[in-house]
Structure formats: structure tokens, C-alpha cells
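Take a look at the structure below.
The values are calculated or read from the model by the stated rules, or taken from the named source; none is laboratory data. Note that the coordinates shown come from a computational prediction; the quantities given were computed from them, not determined experimentally. Cβ placement follows ideal geometry from the backbone for every residue including glycine, while neighbour counts extend to all protein chains displayed. All accessible areas refer to the heavy atoms of the entire protein, side chains included, with ligands and DNA or RNA removed. Shrake-Rupley method; radii C 1.70, N 1.55, O 1.52, S 1.80 Å.
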Amino acid sequence: MANVPRSFLQVAAKEEEAALPLRVVQIEGLVILKIIKHCKEFSPALVTGQLLGLDVGSVLEVTNCFPFPVREEDEEIEAEGANYQLEMMRCLREVNVDNNTVGWYQSTLFGSFQTVELIETFMNYQENIKRCVCIIYDPSRSNQGVLALKALKLSDSFMELYRSNNFTGEKLREKNLSWVDIFEEIPIKVSNSALISAFMTELEPDTPVTQCDYERLQLSTNPYLERSVEFLIDCMDDLSMEQQKFQFYYRNLSRQQAQQQAWLQKRRADNMARKAAGEEPLPEEDPSNPAFKPIPEPSRLDSFLITNQIANYCNQINGVAGQSFSRLYLMKALQEN
């Protein structure tokens, strides 16, 4: 049987269907240094920037980045910011630098980044870019001697549900979606060229101990833990308010169901009397009756995000507290010796 020639669009569609899922985000060391420098310069203010690179199979390569100017909420300034991005990408293209957008980076404070604004930004990027990531950098966490850098993307199931804007309990159970299924963390791999690796080897000091090693031995973790616990308490208060909304909704729902049952019993009794009198029975549903007007169920998106944020704070506190105990026991053993 002769092979039927396929058009370019058919081939492209076939390749798109066979596209591999995103497995790793490969970032060049220079890009990480740019992100750290930008975020630390403006800390504790939150900043953001553009990520540039290539989407190759299951690997998303980030080869360059540039910061967005710090701006206030103003339409004219936002338009200037958009023009700035286009001008920067045009300049990069002229000097033969990768100018394909693969996402953005942003700083955070004590890991508080799981917000509706982050999801909306993801959805805006997804309209033009099929696969994009957000690099989150936390300068406050990095001060503890840890490179607090993570790559996030929205899960496909959550994006499908978000487009329908239906976060009711029934829909979530149907999709089998919970609060842990909103974001997916992608492993980060740092890549450097052979020339840069050789140069870094030349710069390495003769002493085996670096400044980062000293930072890991800092015993003053109280400020970080206190702020993390404060943020955790605020999230618990927000979650309690969300639960009160659902309690109020279910109280109204049960009250409405009781009113519907009382109305139906009365209508059935009236219909029995009308039937005995030889009259036509009345319908058992009355759309104009307020008791049959459906009560809208509150969205569970906010409670999911707050729960996600609480889990993030708990993991951070657990990690920092565990490391702090290890350092304290180490110092105790050194003093005894």
C-alpha cells in the first residue's frame, strides 16, 4: 500500500500530540545569578522578570532573563512596561540571543506566593505559550544558607477546571482534584558551559570551607521562625473565615430544603382537596417561589490556595527547626569536647 503524503500541519499536529511531558527545567548558572541579584537588590519588595530560552522535548532550557521595571498600578505605566518587554526582546534578537519566552521569575517573602494572582498570570501566559514555568526565589530563606529556588507550573487538570470557573464541591469530586493538585514543582538542573566551569574551578579558594558553609551554621533562626509562624497564624485565620462562609452556605441550604419540604407538603394537601372537589391539581414546583431559587455555592479556590500555603509554611518551619536543632546539638558537642 502506497504511503499517503501528509501536510505540514498534519505532521505538526502529530508531533504536538506526541509531545513529552515536562520533566526538568535546565537553568544556566548566569541566569540564576541574575535572578538572585535582582531579587536581593529590591528585597523586601517583590520583583519579577522574564525568562527566555528553548522548549526541547521534556526539558525546558532557560538561557537568559531580564528584569521588569518596578512600577505602580497605573494603566499608562503598565503600557510602558509592555513596551519595555517588547523592546528588550527585540534588542536581544538583534544580538542573536535567545528571545523565546518560556515563563517568568518572581521573588517572594517567606514562601508566600500561592495566590490567585499567580494563577491568573499562569493562565495569561498559557494563552500564548503551551509550556511555561515560574521560577520562585525567596531571599529570606536563602539567608539561612539554602538556595531557595523552585520551578512551578499549573497542573493540566487544574487549568481545565479553572477555565470552566466551577470550583464547587461536586465538580472537584468529579475531577478528583484536591488542594495538592494545583501546582506541580519541576526539578531544576543547573547547567554551565565547559568554559565557565573551568573558570569557576580556577576561582575556587584553597580552603575547603566557603562562606555558604558558615551561613549554614548560623544559630540565629528565631527571626525567620517567628515571621513564618506569624504568616502561618494569618493563614489559619483566613482559612477559618473561608470555613465560616461554607458553614453559612450549608445553614442556608438546609433552611431552604426545610422550606421546600413544608411548601410541598402544603401543596400536596391542597391538591388532594382539589382532587376530591373534582378540580385540576396544581403543579408541585413553582419557579417563582423564592424557596426553589438555587443558592450559589462559594468557590473553593481560595480555601485550596490557603491550605496550600499553610502546608508550605509548615514544611518550611519543619525544615528550619530540624536544621536548627542539628546545629544546636553540634555546638553542644563541640563545647563539651
Exercise. Being outside any loop (DSSP other than H, G, I, E, B) and touching a residue at least 40 places away in the same chain (Cβ under 8 Å) is the filter; apply it to segment 110-122 and report the residue that is least open to solvent (accessible area, probe 1.4 Å).
Key: 119
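Looking for whichever is at pLDDT 85 or above, closer than 29 Å to residue 312 by Cα, among the hydrophobic types (A, V, I, L, M, F, W, C) and open to solvent by 30 Å² or more (accessible area, probe 1.4 Å) here; the options are 27, 32, 36. Which one fits? Quick ask: steps written out before the conclusion?
Working: 27 fails: open to solvent by 30 Å² or more (accessible area, probe 1.4 Å); 32 fails: open to solvent by 30 Å² or more (accessible area, probe 1.4 Å).
Just a single option satisfies the conditions, and that option is 36.
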Quiz item: Which pairs have Cβ atoms under 7 Å, sit 6 or more apart or on different chains, and link a residue in segment 170-181 that is touching a residue at least 24 places away in the same chain (Cβ under 8 Å) to one that is assigned to a helix (DSSP H, G or I)?
Solution: 179/304; 179/307; 179/308; 181/157; 181/158
Self-check item: Hits in segment 134-147 (condition: outside any strand (DSSP E or B) and either open to solvent by less than 10 Å² (accessible area, probe 1.4 Å) or modelled with pLDDT of 85 or more (or both))
Solution: 138, 139, 145
Self-check item: Index of the failed condition, residue 107 passing every other in (1) touching a strand residue (DSSP E or B) at 6+ places or on another chain (Cβ under 8 Å); (2) at pLDDT 85 or above; (3) surrounded by fewer than 19 Cβ atoms within 10 Å (Cβ to Cβ)
Solution: (3)
Quiz prompt | Test set (1) over 22 Å from residue 182 (Cα atoms); (2) assigned to a helix (DSSP H, G or I) - residue 279 fails condition number | solution = (2)
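With respect to residue 324, determine if the residue is in a helix (DSSP H, G or I) and exposed (fewer than 12 other Cβ atoms within 10 Å of the Cβ). Step through it out loud before you land on a result.
Details: in a helix (DSSP H, G or I): yes; exposed (fewer than 12 other Cβ atoms within 10 Å of the Cβ): no.
When the stated conditions are applied, residue 324 does not pass them.
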Self-check item: Cross-chain or 6+ apart pairs with Cβ under 9 Å, segment 247-266 first and touching a residue at least 12 places away in the same chain (Cβ under 8 Å), then exposed (fewer than 11 other Cβ atoms within 10 Å of the Cβ) and in a helix (DSSP H, G or I)
Solution: 256/290; 259/290
Exercise. Considering (1) farther than 26 Å from residue 162 by Cα; (2) not in a helix (DSSP H, G or I), say which one residue 294 fails and leave the rest.
Key: (1)
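Report whether or not residue 299 is among the small types (Gly, Ala, Ser) and within 30 Å of residue 162 (Cα to Cα). Don't jump to the end; show me each part of the working.
Details: among the small types (Gly, Ala, Ser): yes; within 30 Å of residue 162 (Cα to Cα): yes.
So residue 299 fits the description; yes.
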Quiz item: residue 150 is checked against (1) within 18 Å of residue 65 (Cα to Cα); (2) exposed (fewer than 13 other Cβ atoms within 10 Å of the Cβ); (3) not aromatic (Phe, Trp, Tyr) and fails just one. What number does that condition carry?
Solution: (2)
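To keep it simple, each residue is scored yes or no on (1) open to solvent by 70 Å² or more (accessible area, probe 1.4 Å); (2) more than 25 Å from residue 234 (Cα to Cα); (3) at pLDDT 85 or above.
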position: 271; (1), (2), (3): no, yes, no
position: 285; (1), (2), (3): yes, yes, no
position: 289; (1), (2), (3): no, yes, no
position: 292; (1), (2), (3): no, yes, no
position: 301; (1), (2), (3): no, no, yes
position: 314; (1), (2), (3): no, no, yes
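Quick one: which residue in 221, 201, 207 is at pLDDT below 80, surrounded by 14 or more Cβ atoms within 10 Å (Cβ to Cβ) and farther than 30 Å from residue 123 by Cα?
On the way: 201 fails: surrounded by 14 or more Cβ atoms within 10 Å (Cβ to Cβ); 207 fails: surrounded by 14 or more Cβ atoms within 10 Å (Cβ to Cβ).
Going through 221, 201, 207 in turn, just one is at pLDDT below 80, surrounded by 14 or more Cβ atoms within 10 Å (Cβ to Cβ) and farther than 30 Å from residue 123 by Cα: 221.
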Practice problem: Consider residue 280 carefully, then state whether it is free of Cβ contacts under 8 Å to residues at least 12 places away in the same chain and in contact with a Phe, Trp or Tyr (Cβ under 8 Å, 6 or more places away or on another chain). | Solution: no
Practice problem: Give the residue, chosen from 252, 312, that is assigned to a helix (DSSP H, G or I) and closer than 30 Å to residue 140 by Cα. | Solution: 312
Exercise. From 155, 193, 178, grab the single residue that is open to solvent by 20 Å² or more (accessible area, probe 1.4 Å), at pLDDT 80 or above and more than 21 Å from residue 32 (Cβ to Cβ).
Key: 178
